[in-house]
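One structure below.
Where a number appears in this text, it was derived from the coordinates with a stated rule and is not lab data. Please read all numbers here as calculations on a predicted model, not as lab measurements. With ideal geometry, Cβ positions are generated from the backbone for all residues, glycine too; neighbour counts draw on all protein chains shown.
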Amino acid sequence: MSEQYAYLRGGFLPLNDATISVRTHAFLYGTAVFEGIKAYWLPEAGRMGVFRMAEHYKRLLQSAHILGLQPTLTAEQMGDLTVDLIKRNQCQGATYIRPIIYKSDLRIGPILTVDGTQDDFCLFTVPMDGYLDVEKGIHVGVSSWRRLDDNAIPARAKVNGAYVNTALAKTDGHKSGFADMIVLTNQGHVAEGSAMNLFLVRDGQLVTSAITENILEGITRSTIAELAEKELGIKTISRPIDRTELYIADEAFFVGTATEVAPIVKIEHRTVGDGNVGSITQKLKDLYSKATHGLLPKYGDWITQV
Ligand code: PMP
């Protein structure tokens, strides 16, 4: 692999030199917001393409706004840096891109408030193929850790510190033998996966948790709903989901930028449907893969070519 670079403190640095101080506010308190963006090799164009970049940077700025961070760059500037970094790093296959707006202030003292302190932007890439081993479908659990409430740490904002909740759910889930976990709200409704959104198929329709159920407003979630409607004529209903609906769903799958489409074939001790990857799930998985690789020309404007 060629020498890898990251963007930090206003410039590109060799990845190993892109380090931050132990006194950094974001490191001490989790005061940062981030995105996970994915770029793919586009076989027909013979170049890389970043999937839904504008939507990711829009959400990053919304997360920063919720947290009260002062972004130093616009969405367009962050997009240009992303394209530049993919070129510098000579990425030629599936690549995960991690931009972070973080509180970079080094002062220690009574500055727990995010106002009047310094913010910075950093960006790096890592090669990433599949995130979960999904071909035969995965076996997931329902976590006893509840998702964060909008009035505690808003799930709608992709706040770094909030991923302690993901770590708790996922670590305990792995120790119990599950590939990943479904997390409930404080009311006991289904929120989403540890770091992904969830869809169920019930009676031929797609059901996903409403955005008021303490979920991240996922970009893959809306991509899948659009592909389902336009390509398969299947509507998505967005509403609160009871836990027991998980057990009687015909099909279930996780979606997310890193996760892509991950079929779920077993939830706790119950199979989903007949225990095989569902047919609607498989169709959406194939459509999503085509869309991300630039093989659905109709959705070409989802891709920023590098
Ligand atoms: N929920 C959470 C908590 C996540 O971390 C992610 C991954 N970003 C998702 C859902 C899926 O969001 P997206 O499709 O925008 O990647």
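Largest GNM mean-square fluctuation among S289, S222, S21, using the chain with Cα springs under 10 Å: S21. Pairs of Cα atoms nearer than 8 Å and 6+ residues apart set the relative contact order; for the range 216-284 it is 29 percent. For K290, the aspartates and glutamates whose Cα falls under 13 Å of its own Cα, not counting residues fewer than eight places away in the same chain, are E44, E231, E260.
A straight Cα-to-Cα reach below 21 Å connects K158 with the lysines K38, K58, K103, K170, residues fewer than 8 places away in its own chain not being considered. A Gaussian network model of the chain, with springs between Cα atoms under 10 Å, assigns the largest mean-square fluctuation among V159, V140, V22 to V22. Ranked by the mean number of other Cβ atoms within 10 Å of their residues, highest first, the peptides 7-15, 172-180 come out as 172-180, 7-15. What percent antiparallel are the DSSP beta bridges of the chain, to the nearest 5? Around 80 percent of the beta bridges assigned by DSSP in the chain are antiparallel ones. Which longest uninterrupted range of the chain lacks any GluC sites (Glu not before Pro) assigned by DSSP to a loop state (not H, G, I, E or B) and surrounded by at most 15 other Cβ atoms within 10 Å? It runs 45-134.
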